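Next up is a structure, given as structure tokens.
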Amino acid sequence: MNSVTERNAEMEAELIKRAKHGDSAAYGELVSWHYDGVIRVVYHLCGDAQVAQDAAQDAFIRAWSKLGEYQPRGPFRSWVYRIAANAALDALRRKPGERLDDGEGPGSLTERTPGPEAAYLEKERAQALQAAVRALPAAARAVLVLREYGELSYEEIAAALDIPAGTVMSRLSYARGRLRELLRAYQRETERDYVALGA
């Protein structure tokens, strides 16, 4: 662990200690440290920017109310991501027919496009990827999102979801394989449509 990481870990531990004693400003600082990561995770779990915002807010409220239960055996972010993943999945259960976002939410790929055609294609790819992620079973999706978008290690994911590391690896392998199949199917369908249009 380098000195910057060590210093950050010490600062985080101090903020957690103060927050556990009711210091809402310290908790606000923790929220600001982890907000972007939580938003990224919940957005990729539920696919809708507004639902992601609501789920992230719900996650931080839940985390504040459960802060006394947090034990620093694992990273704080793993604990918060677990709460966030559950909040996102709860939000999805409440809104089963929720439409996919238009590609303008967190992690959107449409910002750097040179022209309208490229922007359209990039938006289509982003929507296809999000649709494929949403099509995964919830357990596999949670592991994939925490790994790819939350950037958690296998051990952190295991701690966050309360499952063995071996289960993390098998679910991740399944999720990646299924995602490849879904994206290949989307590509074949797109090529068929392109040919049908006489391009």
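The values are calculated or read from the model by the stated rules, or taken from the named source; none is laboratory data. Everything numeric in this text was worked out from a predicted model, so none of it was measured. With ideal geometry, Cβ positions are generated from the backbone for all residues, glycine too; neighbour counts draw on all protein chains shown.
If a residue must be closer than 24 Å to Tyr154 by Cβ, touching a residue at least 40 places away in the same chain (Cβ under 8 Å) and either of a type outside the set (Ser, Thr, Tyr) or touching a His at 6+ places or on another chain (Cβ under 6 Å) (or both), how many such residues does the range 37-72 contain?
10
When you scan the range 143-153, do you find a residue that is hydroxyl-bearing (Ser, Thr, Tyr) and farther than 18 Å from Asn86 by Cα, even just one?
At the first step, the residues of the range 143-153 found to be hydroxyl-bearing (Ser, Thr, Tyr) are 149, 153.
Among the residues that remain, those that are also farther than 18 Å from Asn86 by Cα are: 153.
Yes, that holds for at least one residue.
Here's another thing I want to ask about it. For Arg134, indicate whether it is of a type in the set (Lys, Arg), part of a helix (DSSP H, G or I), under 15 Å from Val41 (Cα atoms) and at pLDDT below 90. Spell out how you get there, then give the answer.
Values: of a type in the set (Lys, Arg): yes; part of a helix (DSSP H, G or I): yes; under 15 Å from Val41 (Cα atoms): yes; at pLDDT below 90: yes.
Against the criterion (of a type in the set (Lys, Arg), part of a helix (DSSP H, G or I), under 15 Å from Val41 (Cα atoms) and at pLDDT below 90), Arg134 qualifies.
Suppose we filter the range 127-141 for residues that are exposed (fewer than 15 other Cβ atoms within 10 Å of the Cβ) and in contact with a Gly (Cβ under 9 Å, 6 or more places away or on another chain); how many remain?
Of the residues in that region, 1 qualify.
Here is a further query. Scan Val38, Val31, Val51 and give me the residue that is closer than 25 Å to Ala128 by Cβ, modelled with pLDDT of 90 or more and within 22 Å of the chain's Cα centre (by Cα).
Val38
Residue check, Ala59 against (1) in contact with a helix residue (DSSP H, G or I) (Cβ under 6 Å, 6 or more places away or on another chain); (2) under 18 Å from Arg147 (Cα atoms); (3) at pLDDT 90 or above, all met but one. Which one?
Just one mismatch for Ala59, condition (2).
Moving to a separate point now. Surrounded by 13 or more Cβ atoms within 10 Å (Cβ to Cβ) and under 25 Å from Ile163 (Cα atoms): does that describe Trp64? Steps first, answer last, please.
On the way: surrounded by 13 or more Cβ atoms within 10 Å (Cβ to Cβ): yes; under 25 Å from Ile163 (Cα atoms): yes.
For Trp64, the condition - surrounded by 13 or more Cβ atoms within 10 Å (Cβ to Cβ) and under 25 Å from Ile163 (Cα atoms) - is met.
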